[in-house]
Amino acid sequence: MKTYPKLFVTALFTMILAFGCSEDKEEMPDPNFINATITVNNVATSAYVFTAIEGAGASASLNMENTALTLKIGSRYAINNEAGRPHPFLIMGIGNTTLLAQNDVVGTFESNPAVNFVATDSTMIFTLTSEMATQIAPYMCGRHAAMTGNINAVD
Ligand SMILES: [Cu+2]
């Protein structure tokens, strides 16, 4: 009969520890948490249009050709490119550099750990760090220079 209270006390301490740990986890930001998902499509070879934005931190006029995209600095974004492989999404930098690219071009921020860039044929995921924000320029299609619009990085 003495083991029962001992087990009970052990279980109680385990619960307290588990609760304490889960509280700590909530305070640690998940580096893979996506704040906003932006869906983009193409109008032939002349424009991108943003068709949906979900979550927080990103905004743009939907279904307007080559419209500006506003992104909050410090947030993580997924760009779902429904235009796919024929229209690889690029985030350009000042001086016509490429910061992030969905195609074979290797952007200057693709290996930056804080940016944590992930790209597939249909999606690119990245965190807009303040370092990257200082160099950000328009978005552009990797194959059609007419498909381009401004990116505004905001605090
Ligand atoms: Cu294109």
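The values are calculated or read from the model by the stated rules, or taken from the named source; none is laboratory data. Keep in mind the model is a prediction, meaning the values are calculated, not measured. Counting neighbours? That spans all protein chains shown, and the Cβs are built from the backbone with ideal geometry, glycine included. Side chains included, ligands, DNA and RNA excluded: accessible areas come from the protein's heavy atoms. Shrake-Rupley method; radii C 1.70, N 1.55, O 1.52, S 1.80 Å.
Below are the figures for this structure:
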item	result
Region 74-107 - residue that is β-branched (Val, Ile, Thr) and open to solvent by 40 Å² or more (accessible area, probe 1.4 Å) and, of those, farthest from the ligand (Cβ to nearest atom)	ILE94
Among residues of region 114-125, those that are open to solvent by 50 Å² or more (accessible area, probe 1.4 Å) and part of a strand (DSSP E or B), counted	1
Residues of region 146-155 that turn out to be within 24 Å of PRO86 (Cβ to Cβ), aliphatic (A, V, I, L, M) and more than 15 Å from the ligand (Cβ to nearest atom), as a count	1
Any hit, region 126-145, residues being away from the ligand (no atom under 16 Å from the Cβ), among the charged types (D, E, K, R) and not in a strand (DSSP E or B)	yes
Residue match in region 82-93 (condition: in a strand (DSSP E or B) and touching a Phe, Trp or Tyr at 6+ places or on another chain (Cβ under 6 Å))	yes
Scan of region 55-66 for residues that are buried (at least 16 other Cβ atoms within 10 Å of the Cβ) and more than 16 Å from the ligand (Cβ to nearest atom), ordered by number	GLY57, ALA58, SER59, ALA60
